[in-house]
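Each remark here refers to the structure printed beneath this line.
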Amino acid sequence: MMGAGVSIFLALVTAGWRTAHYQGIRPTEAEEQESRLWVAGVIYNNPEDPHVLVPKRAGTGVGWTVNVGSRKGRVVMGVFLGVFVVLPIVLGVVLAL
């Protein structure tokens, strides 16, 4: 059931992209430059921006995201991954012994 939903979603997205492409609707240069700063559309990577937290990209939700291009942003992401990913895995393995 879920596979059918994903297939329908992808078909609709593809159809929308093709329609926009054939009608000559293209992003502006400023929009393309902004898109280059986002990895997979959700991870902000701009080494020239000193801010650690930046507003999420329009259309991806409400709130803030971390700028992984800044040194402080990488530290924040490292601490987050260490505490919420690595630590539970290590504790799970240790406690299972």
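The values are calculated or read from the model by the stated rules, or taken from the named source; none is laboratory data. If you're wondering where the values come from, they're calculated on a predicted model, not measured in any experiment. Here the Cβ is made from the backbone with ideal geometry for all residues, glycine too, and neighbour counts use every protein chain on show. Note: accessible area is taken over every heavy atom of the protein model, side chains too, but ligands, DNA and RNA are not part of it. Shrake-Rupley method; radii C 1.70, N 1.55, O 1.52, S 1.80 Å.
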* To do: Enter the accessible area per residue of the chain (Å², integer; probe 1.4 Å; all protein chains in place).
  => 81 Å²
* Asked: Span-like helices, the chain: DSSP H, alpha-carbon axial extent 27 Å or more, mean Kyte-Doolittle 0.5 or greater, which ones?
  -> 2-22
* **FRET efficiency for Lys56 and Ile89, using Cβ-Cβ distance with R0 set to 30 Å, rounded to 0.05** => 0.60
* Which chymotrypsin sites (Phe, Trp or Tyr not before Pro) does the stretch 32-97 hold that lie in a coil by DSSP with at most 15 other beta carbons within 10 Å? -> none
